[in-house]
Amino acid sequence: MFIGNLTTAIIKCLFLVVRNPGYRLILRAQSILLRASKSFLSLLLVLMLQGDCWDDGPAGSASSSATSSSSSLRPWIDTHTHPTGIDTDCFSESCVNASILAMDAAGLKKAIFINPPAPYNNSSSAKEAGVRTAAYYRTDRLFYGIGGSMLQARIDTMPDSGVATEAQKSEFESTFNDLISSGPAAVVVGETASLHLSYSANHAFEENPANSDLFLLLADLAASHDIAIDVHIDVVTQTMQTPSFYVTRSPNNPSTLQPNIPDFEELLDHNLNARIVLAHVGRDTTGVMNSSLMDGLLARHSNLYAQIAPQVGPADAGDGIVDRTGKVRSDWLTLLQKYPTRFVLGSDIFWDGGTTSSLLQGVQDFLQQLPSDIAYQIGCTNPVAIYKLSSGC
Ligand SMILES: [Zn+2]
Ligand SMILES: [Zn+2]
């Protein structure tokens, strides 16, 4: 019995050291001991004596999963992850399997792979195929979406007026049909972008009215195929100076930003059968995405869903869903309880073959703070309903 518990504790210690930054700090702090013994077993012994590796150890606190056991992890489905970065990809089987390890460490049961929103000059059939191929390696854990590269690039080709020619609409529709018939069921069209601020010189700025002809056409196509749309909008409620963070970080951003909510509401009203998921809600990139704004949008549009990114955005104005300590703000919690079926989770992680991720852990820390029924609803039930997933948590 003891040997069995000891074995479990050793495995758990190794697991904790690998996945938790906190334990890696402990590892550094205890380097004297390690140098003296030159044995990793010494570190394990210290951690075990601290009691953190035993299943009957102290329960995890609401905001610190470093002390919660793996059995206390709350299950969830990540509806927004990327196996493609600006210069990298995670299309190989080994990279995907490493991603699965990171998922396991954060209680993440399933994930949707999508391309980030490609700018007009970066349409890539290879990236569309790469995301699909990567998701196919582990159909037990992964789903995929279409169009983040090829459809979004076409949307980004439109003039500021948003008016498309008949030829452009026809070409867009045939591309959609090619992608959606290219393999077993895709679960979302995304990532698309209406306003996408740039974070660096080689990261695109994209601005496309959400009521452009191609966005409206996409709503019709998605509705007819019963597939959700993921849309990135850095929300702007009135003409504003671009926050200095973005101006400093990238020359691609304009000096001023234009309101984009009315265009988005027009898209929502265009086809009520189109399920539209607003990405990165709660990250508050522009300082105006607060709970009351989201409350109004959800109240007015039954086909709108909010994808929570429980992260502090660069424009942290005190209105994000979590504060700088990771604590859920009470007004947002009230909103989750008001619309329990309208929220999902999206980490926006870029898979890179690493087996740990603070982004995934941040979502788990967020879930730990919610009432258990709300956590399960948002983490597991809603994604299945909104994305029509074939399996859940
Ligand atoms: Zn995005
Ligand atoms: Zn994204």
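The values are calculated or read from the model by the stated rules, or taken from the named source; none is laboratory data. Note that the structure is a prediction, hence the values are computed from the model and not measured. Virtual Cβ from ideal backbone geometry, glycine too; neighbours counted across all protein chains shown.
Key figures for this structure:
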quantity	calculated
Meets criteria (buried (at least 20 other Cβ atoms within 10 Å of the Cβ), assigned by TED's automatic domain parsing to the domain that holds Leu333 and part of a helix (DSSP H, G or I)) for Leu298	no
Counted residues, the stretch 104-134 - those being surrounded by 24 or more Cβ atoms within 10 Å (Cβ to Cβ), outside any strand (DSSP E or B) and away from ligand 2 (no atom under 15 Å from the Cβ)	2
Residues being within 25 Å of Gln258 (Cβ to Cβ) and either crowded, with 22+ Cβ neighbours inside 10 Å or in contact with a His (Cβ under 7 Å, 6 or more places away or on another chain) (or both) - total across the stretch 168-180	1
Residues (assigned to a strand (DSSP E or B) and within 16 Å of ligand 2 (Cβ to nearest atom)) located in the stretch 340-349	Val344, Leu345, Ile349
Test for Ala153: is it touching a Ser or Thr at 6+ places or on another chain (Cβ under 6 Å), assigned by TED's automatic domain parsing to the domain that holds Ile229, within 15 Å of Glu173 (Cα to Cα) and within 16 Å of ligand 2 (Cβ to nearest atom)	yes
Pairs where the first residue, in the stretch 272-285, is touching a residue at least 24 places away in the same chain (Cβ under 8 Å) and the second is more than 15 Å from ligand 2 (Cβ to nearest atom) and among the charged types (D, E, K, R), C-beta under 8 Å, 6+ apart	Ala274/Asp220; Asp284/Asp316; Asp284/Asp319
Qualifying residue in the stretch 98-118 (condition: of a type outside the set (Lys, Arg) and at pLDDT below 95)	no
Those residues of the stretch 350-393 which are assigned to a helix (DSSP H, G or I) and aliphatic (A, V, I, L, M), in sequence order	Leu359, Leu360, Val363, Leu367, Ile374, Ala375, Ile378, Val384, Ala385, Ile386
Subset tally (residues that are out of contact with any Asp or Glu (no Cβ under 8 Å at 6 or more places or on another chain) and either within 16 Å of ligand 2 (Cβ to nearest atom) or modelled with pLDDT under 95 (or both)) for the stretch 324-339	1
Residue tally, condition in contact (Cβ under 8 Å) with a residue 60 or more places away in the chain, under 30 Å from His301 (Cβ atoms) and not small (Gly, Ala, Ser), over the stretch 344-367	10
Among (1) at pLDDT below 95; (2) exposed (fewer than 15 other Cβ atoms within 10 Å of the Cβ) - the single one Thr165 does not satisfy	(1)
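Table: residues versus (1) more than 13 Å from Asp78 (Cα to Cα); (2) small (Gly, Ala, Ser).
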position	(1), (2)
Asp295	yes, no
Ser302	yes, yes
Gln311	yes, no
Asp319	yes, no
Thr334	yes, no
Gln337	yes, no
Leu345	no, no
Asp373	yes, no
Gly392	no, yes
